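First up is the structure itself, then whatever we jot down about it.
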Amino acid sequence: MDKNDYLDEVHLRILRVTEDLRAIQRELNCAAMEAPGNPELMEALSEVPELESLQVLKSALDQMRHFLWFYLQVMTNESEFGEKLRETIRQKPSNDVRLKPPNPLNDRIRNAAEALMLQYLSDGKIRKPN
């Protein structure tokens, strides 16, 4: 698959997901507005499967938000800090790391985002204001 085809496909998927999220938000908003006057709807919305599916969605969105923050920091930061991030990502793992069981993706993203934030905050404390 050509690089441009791949990027076009990702762009289209982002547009579809964004539109789906907006539709979900509209539907949940309508249900929330209607539920206080409709006891059956209120009961249906507060059942365990409904609440679990909302919790799964919330978790996935939180994970994506963390990932997108990290991704945008790496891809748009032209400073020395951004270059260090990209270089760290490109490095091959040592033999010790290969022997460890792989971490789930969300743990790796969360740890990377936390490390980046700590690095950014610690760099900011050392610098003097202009």
Self-check item: Residues (touching a helix residue (DSSP H, G or I) at 6+ places or on another chain (Cβ under 9 Å) and within 24 Å of residue 109 (Cα to Cα)) located in segment 18-61
Solution: 21, 54, 57, 59, 61
Exercise. Inspect all residues belonging to segment 76-85 and state whether any of them is in a helix (DSSP H, G or I), in contact (Cβ under 8 Å) with a residue 24 or more places away in the chain and hydrophobic (A, V, I, L, M, F, W, C).
Key: yes
Quiz item: Do we have any residue at all in segment 20-43 that's surrounded by 12 or more Cβ atoms within 10 Å (Cβ to Cβ), in contact (Cβ under 8 Å) with a residue 24 or more places away in the chain and not hydrophobic (A, V, I, L, M, F, W, C)?
Solution: no
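Every read-out reported here was derived from the displayed coordinates using simple, explicitly stated rules and does not represent laboratory data. Keep in mind that what you see is a predicted model, and the values were worked out from it rather than measured. In this analysis, Cβ positions are derived from the backbone assuming ideal geometry, glycine residues included, and neighbour counts consider all displayed protein chains.
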